[in-house]
Amino acid sequence: MLKLFQKKPQILSPRVVVRPRRSWQFYLFTAVTVCALLALLSWGMYEAGRQSVNDHNDTIEEKSTYLFDPGSCRQTKKQQLCTQIGDLTQQLQIGTTANENLAEEVKSLASENDQLKEKLVFFQHLVASNTKSGISIYQFNLQETETAGKYRYALTLIQGGERPSDFKGSLRFKVKLTQNGQSKAVPLTNKNAKQDFPVHFKFFHRLEENFQVAPDTTVENIQVQIYKNGDKKPFVTKTVQPAS
């Protein structure tokens, strides 16, 4: 029985793995294949990157061409310059208009000032002449206008005295001319073609008229004569030359 249960001693050996043997040609082929695949992959990645860079450069160049196109740039600059010139011209016109208006106002004020001074002197003379009775010539002048051959004359009469009465009379004007070497005196006429200019006033009277002569005529002077109604001889006479 004991023999039956006794086992034979067994000898245990390590497990052996059997693999097929590969030659060196196999390893060389594998290495070449892997290198080729890596090279192909690298080339593909390089081409993809280069294409992307080229596309990006083309886009930048296109945008740059659009932004910096000489014609468009010149047109844009031209429009900007035109706008600036227009603004400056408008400002200049506004400034010029303002200066012209200011000059006109100053001229008008100066003219008004001269008129006020003239009136002041006139009234001062009028007040001073109250102590002297009678008619006198305060102002009498002659000047050529801007129109060739046209002259304007002005006369201001005043009457002094404490309680002067109304003066009634007439005025007569004579102009001394030189034409074609000959000198002559020509009487002036009023609107009614009469030589007498009637006047009726108490304190002062102003007359302003004009006359026309031929272009080849020289005006030497103008004379005024003051008559009382009913008198044949003037009691006041004055002659003035054209103002230079």
**Residue match in segment 154-177 (condition: touching a His at 6+ places or on another chain (Cβ under 6 Å) and hydrophobic (A, V, I, L, M, F, W, C))** = yes
**Which listed residue is within 48 Å of the chain's Cα centre (by Cα), of a type in the set (Phe, Trp, Tyr), buried (at least 18 other Cβ atoms within 10 Å of the Cβ) and in a strand (DSSP E or B), from Tyr138, Tyr153** = Tyr153
**Prompt:** What is the residue count in segment 194-222 for residues that are among the aliphatic types (A, V, I, L, M) and either loosely packed, with under 14 Cβ neighbours inside 10 Å or at positive phi (or both)?
**Reply:** 1
**Residues of segment 91-150 classified as at pLDDT below 80 and under 30 Å from Glu162 (Cβ atoms), total** = 19
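I'd like to check something: does segment 189-196 contain any residue that is in contact (Cβ under 8 Å) with a residue 40 or more places away in the chain and either under 25 Å from Asp216 (Cα atoms) or assigned to a loop (DSSP other than H, G, I, E, B) (or both)? Full working, then the answer.
Narrowing segment 189-196 to residues in contact (Cβ under 8 Å) with a residue 40 or more places away in the chain: none.
No, every residue in segment 189-196 fails to be in contact (Cβ under 8 Å) with a residue 40 or more places away in the chain and either under 25 Å from Asp216 (Cα atoms) or assigned to a loop (DSSP other than H, G, I, E, B) (or both).
Considering segment 156-169 alone, what residues qualify as being more than 19 Å from Gln223 (Cβ to Cβ) and in a strand (DSSP E or B)? Walk me through how you get there before you give the answer.
Filtering segment 156-169 down to residues more than 19 Å from Gln223 (Cβ to Cβ) leaves 158-168.
Hits for segment 156-169 are Ile158, Gln159, Gly160, Phe167, Lys168.
The values are calculated or read from the model by the stated rules, or taken from the named source; none is laboratory data. Please read all numbers here as calculations on a predicted model, not as lab measurements. Don't worry about glycine lacking a Cβ; one is built from the backbone with ideal geometry, like all the others, and counts go over all protein chains shown.
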